[in-house]
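Novice: Just dropping this structure here.
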Amino acid sequence: MKARDRRHGLVVVNTGEGKGKSSSALGMVFRAAGWGMKVCVIQYIKGQWQTGEQKAATHFDNIEWHALGDGFTWDTKNPEQDIKTSREIWEFSKQKILSEEFDVVLLDEINYCCGYNWISGEEIADFILNHKPRWLHLIVTGRNAAPEVIAVADTVTEMTKIKHAYEQGIKAEQGIEF
């Protein structure tokens with residue numbers, strides 16, 4: 001593994017309407033863990049919903065996992081609570097990043113928080129530019145990535161939906177969707 005002083009910490013954004021944003025990011029998480037990097041996964045939306053990736057992460061001593069959201073919030077009945085929760089997770093995320101304990105941090109679904117104006121893209125971009133350790137790899141996912149975050153990122157991928165099984169009435173399948 002490259003020493004921190006020789007590493008250029010990348011900012012990677014996975015966004016778009018298509019499937020695979022979190023899955024791609026989690027592939028990077030497991031790749032980094034396989035190389036012995038210390039990784040922190042912070043999930044903003046998924047809440048306590050158990051996923052295969054979270055179960056797999058328990059087999060790695062170098063992956064720390066936090067599923068902190070209130071669940072899928074696009075049909076929320078309590079936007080004030082969603083804002084409060086998102087702000088708390090953002091503060092927690094900043095502490096983890098600033099701790100310098102991790103080589104890679106994934107902020108899974110944080111882009112949704114920007115899309116709903118719960119956390120501003122300007123605030124996230126400013127933190128990345130002025131506070132993220134230079135050597136730390138930061139991955140952010142979710143639809144509607146803020147233009148400010150895209151501007152400061154090194155790599156941005158937009159997932160485009162062509163077709164989705166859900167449109168055919170097929171519910172999420174274990175091992176593929178979660």
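Novice: What are the residues in segment 127-154 that are open to solvent by 60 Å² or more (accessible area, probe 1.4 Å), closer than 18 Å to K21 by Cβ and either outside any helix (DSSP H, G or I) or not hydrophobic (A, V, I, L, M, F, W, C) (or both), if any?
Specialist: We begin by selecting, within segment 127-154, every residue open to solvent by 60 Å² or more (accessible area, probe 1.4 Å); these are 129-131, 134, 143-144, 147-148, 150-151, 154.
Subset that is closer than 18 Å to K21 by Cβ: 143-144, 147, 150, 154.
Scanning segment 127-154 gives R143, N144, P147, D154.
Novice: Could you tell me whether segment 117-134 includes any residue that is among the acidic types (D, E) and more than 16 Å from V11 (Cα to Cα)?
Specialist: Checked against the condition, which is being among the acidic types (D, E) and more than 16 Å from V11 (Cα to Cα), segment 117-134 yields no hits at all.
Novice: Restricting attention to segment 2-25, which residues are more than 19 Å from G121 (Cβ to Cβ), in a loop (DSSP other than H, G, I, E, B) and touching a residue at least 40 places away in the same chain (Cβ under 8 Å)?
Specialist: Selection gives R7, H8, G9, G18, K19, G20.
Novice: Name the residues in segment 6-22 that are open to solvent by 50 Å² or more (accessible area, probe 1.4 Å) and either within 17 Å of N144 (Cβ to Cβ) or modelled with pLDDT of 95 or more (or both), would you?
Specialist: Within segment 6-22, H8, L10, E17, K19 qualify.
Novice: Based on what the data block shows, is A145 hydrophobic (A, V, I, L, M, F, W, C) and closer than 25 Å to V39 by Cβ?
Specialist: yes
Novice: Would you confirm whether or not segment 75-89 contains a residue that is at pLDDT 95 or above, surrounded by fewer than 19 Cβ atoms within 10 Å (Cβ to Cβ), among the charged types (D, E, K, R) and in contact with a helix residue (DSSP H, G or I) (Cβ under 7 Å, 6 or more places away or on another chain)?
Specialist: For segment 75-89, residues at pLDDT 95 or above, surrounded by fewer than 19 Cβ atoms within 10 Å (Cβ to Cβ), among the charged types (D, E, K, R) and in contact with a helix residue (DSSP H, G or I) (Cβ under 7 Å, 6 or more places away or on another chain): absent.
Novice: Give me the residue from segment 101-126 that is among the polar types (S, T, N, Q) and farther than 28 Å from N62 by Cα and, out of that set, surrounded by the most Cβ atoms within 10 Å (Cβ to Cβ).
Specialist: So the first thing to find is which residues in segment 101-126 are among the polar types (S, T, N, Q), and the list is 111, 117, 120.
Applying the additional criterion that residues be farther than 28 Å from N62 by Cα yields 117, 120.
Values: N117: 11, S120: 14.
Per the stated criteria, the residue is S120.
Novice: Which one is farthest from I162 (Cα to Cα), of the residues in segment 28-56 that are small (G, A, S) and open to solvent by less than 30 Å² (accessible area, probe 1.4 Å)?
Specialist: Once the filter is applied, the top-ranked residue is A33.
Novice: Could you identify the single residue in M1, M37 that is farther than 25 Å from C114 by Cα and modelled with pLDDT of 95 or more?
Specialist: Sole residue among the options that is farther than 25 Å from C114 by Cα and modelled with pLDDT of 95 or more: M37.
Novice: Also: Can you tell me which of E88, E53 is free of Cβ contacts under 8 Å to residues at least 40 places away in the same chain and closer than 23 Å to A153 by Cβ?
Specialist: None of the other options fit; the residue is E53.
Novice: Just one of (1) farther than 23 Å from T157 by Cα; (2) within 15 Å of the chain's Cα centre (by Cα); (3) not charged (D, E, K, R) trips up I128, so point out which.
Specialist: It fails just one condition, (1).
The values are calculated or read from the model by the stated rules, or taken from the named source; none is laboratory data. Every value quoted in this text rests on a predicted model; they were computed, and no experiment measured them. Don't worry about glycine lacking a Cβ; one is built from the backbone with ideal geometry, like all the others, and counts go over all protein chains shown. Ligands, DNA and RNA are stripped out before the accessible areas are found, and what is left, the full protein with its side chains, is counted by its heavy atoms. Shrake-Rupley method; radii C 1.70, N 1.55, O 1.52, S 1.80 Å.
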